[in-house]
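One structure is given below, encoded as structure tokens.
Each reported figure results from applying straightforward, stated rules to the coordinates on display, with no laboratory input. These figures come from a predicted structure and were not determined experimentally. Neighbour counts run over all protein chains shown; Cβ positions are idealised from the backbone, glycine included.
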Amino acid sequence: MGAAAYAILLQIAHPRVGRGVRDHSDFAQRPVDRLRGTLVFVYGLVFGTREEAERVAGVVRKAHTHVAGPGYSAQDPDLQVWVAATLYACNMHVHELVFGPMAPEDKDAVYETASVFATSLGCPRERWPATRAEFERYWAGMVASIEVDDTARAITADLFHPANPVVRALVRVQRFLASGLLPAHVRDGFGLQWGPVQQRRFDRLVAVVRAVYPRLPLAVRTLPRDFYLRDMRRRFARTDAGDSRTGRRARFRMTARRR
């Protein structure tokens, strides 16, 4: 879960993704919904059945069908690759931070499945970097080129200052984690306060998590995955129940959308 806000900030740091979010989403006012949607998407694709993964992907593609405006479109393969790349790279970063570096052959095996993040958004398979080495070159170049603009900063200001005090506490944690994980120039571009004190706190937190988390029972470590898979299945069941009662498909919302 720690990778979620980290990935979202990198996504909206791309100016065309940021404009799409500004014009077509209200997730900054509903950050928990966005976090929920992102995690249902990731866990559903990776750990759901084939049918569930295809269904989640279909819901996401449908939700983005009409997301377009001057200079951007959710159907743009370049943007689809970028969003998918953040999901893969951020999760890998957090995994290695907690468990230590993976062996190259294990990284290659994980990367073999990573294209599903892009193709599930509608991106042609051939647009995804063919090898992990190609991906790492792509990722390094994209991250180095990020210049956070006013649109991304405005979205983030709303995202990190929700009105609900309970949500505010959760968002404060996500903000701290994201700030520690982001590259320094991206963090500075967002105007996120960070200095030696915050870095020491972050390093201590990482050290504690690294010492404790791998030793937790598997049932505890998989709680987030199991929670979001159950959430996904409940929502599918409600959708199907709506179909049977009314003959119409109930809305399954992956992300908060403007009405």
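Compute the whole-percent fraction of alpha carbon pairs in segment 64-133 spaced more than 16 Å apart.
Numbers: 1249 of 2415 pairs.
So the portion of pairs separated by more than 16 Å is 52 percent.
How much length would be gained if the chain were fully extended between D240 and V197, taking 0.36 nm per residue of separation minus their Cα-Cα distance, in nm to one decimal?
Gain in length upon complete extension: 10.4 nm.
Taking only Cα atoms and a 10 Å spring cutoff, compute GNM fluctuations for the chain and point out the largest among W128, W82, W139.
Answer for the Gaussian network model of the chain: W139.
Rounded to the nearest 500 deg cm²/dmol, what is the calculated helix-only ellipticity per residue at 222 nm for the chain, with -39500 (n - 2.57) per DSSP H run of length n ≥ 4? Please list the in-between numbers first.
Details: 13 runs with 185 residues, N = 259.
Here the helix-only value at 222 nm equals -23000 deg cm²/dmol.
Between L223 and D78, with labels modelled 7 Å along Cα→Cβ, what's the label distance in nm to one decimal, could you check?
If labels sit at L223 and D78, their model points lie 4.3 nm apart.
Once you order the gyration tensor axes a ≥ b ≥ c over the Cα atoms, which shape class does segment 2-105 get: rounded for a/c under 1.5, otherwise prolate or oblate by comparing a/b with b/c?
Values: a/c = 1.74, a/b = 1.40, b/c = 1.24.
Because a/c hits 1.5 or more and a/b exceeds b/c, segment 2-105 counts as prolate.
Quick one: in segment 138-253, what % of C-alpha pairs are over 19 Å apart? Please report the intermediate quantities before stating the final value.
Numbers: 4564 of 6670 pairs.
Distances greater than 19 Å cover 68 percent of the Cα pairs.
For a Förster distance of 35 Å, can you work out the FRET efficiency between the beta-carbons of V212 and R127, rounded to the nearest 0.05? Numbers along the way, then the final one.
Details: r = 40 Å, r/R0 = 1.14.
The calculated FRET efficiency here is 0.30.
How big is the chain by Rg and Dmax over its Cα atoms, in Å?
18.3, 59
Based on the alpha-carbon gyration tensor of segment 166-210 and its eigenvalue square roots a ≥ b ≥ c, which shape applies: rounded if a/c is under 1.5, prolate if not and a/b is larger than b/c, or oblate? Spell out each step's value before the answer.
Working: a/c = 1.91, a/b = 1.05, b/c = 1.82.
Note, shape of segment 166-210 comes out oblate.
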